[in-house]
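Working notes for the structure below.
Every read-out reported here was derived from the displayed coordinates using simple, explicitly stated rules and does not represent laboratory data. Since the structure is predicted, the reported quantities are computational estimates derived from the model, not experimental observations. Cβ: placed from backbone, ideal geometry, glycine included. Neighbour counts: every protein chain shown.
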Amino acid sequence: MRVSDYDYGRDLRGINLALRLLRHEARLSTVCAWTGFNEERVRVLSRSRRRHQVNRVAGTHRGPSPRRVKPLFASLALRSEGAAMAGLCRVLGVIPAKPISNARQRLPGVANGERLCDAFELFREVVPSARLTLEQAISLVYAVSEGQLCSLDHCTRCRALILVDHLSLTRRVCTHCQNEERRTGAEVPLQVEEPPPMSDCESLCFQLSLFD
């Protein structure tokens, strides 16, 4: 393969990624970070995309991308959705197996951005009514990758994937089990026998099944 062919292929992948991110309402700064394109090029792609749409939508969102993940822990629904999305990102390799530093500088790239979009699109297909946005998902990816503010773990009751807030003392119980506790008026009893450990993929499949 000639160098020019390689450069063309890489550039085309970046354009396709930019269009996917724009379709998911990513901010201008987010598209630039994951594609390596400058702001003017992203604006041109955004305008071109809108011209070819029958029902035109608003342009790219302005302003900095959200950095705080705390709002995701304020809602049980968002917390559950975040756990499912983070689990997909872990399985697809967007989130590394071990914590890293400076995730905002080290994670963005075309290949990882493609996996990120794959994860988000699969998540929205499984949970079409989800409220979690791509920007929130990206902030979560950074936070879980660094492992200082939050991380992925398993529910102590059913072993589903959950998000753990390192600044909170709440029990490590998934939304489904918490709702069951509210319905019955008592804590869900611990299982007498410890269930066999699940792989990340098995835990994720179980977590996604809770949305049915």
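Some points to look at:
- Per-residue HN-Hα couplings for region 74-79 [Karplus 6.51, -1.76, 1.60; θ = phi - 60°; Hz; x = Gly/Pro]: 7, 10, 4, 5, 5, 5
- 5 angstrom amide H check on ALA160, placed H, neighbours 5+ away: CYS155
- The protection proxy used here, the mean number of other Cβ atoms lying within 10 Å of each residue, ranks peptides 105-115, 162-172, 27-37 as follows, highest first: 27-37, 105-115, 162-172.
- Cβ crowding within 10 Å averaged over residues, with 73-83, 119-129 ranked highest first: 73-83, 119-129
- Dimensionless Rg/Rh of region 3-51 - Kirkwood Rh, Rg from C-alpha atoms: 0.98
- Full-stretch length increase - ARG47, ALA74 - with 0.36 nm per residue and alpha-carbon distance subtracted: 6.1 nm
- Net charge of neighbours whose Cβ lies under 13 Å from the Cβ of SER129, counting Lys and Arg as +1 and Asp and Glu as -1: -1
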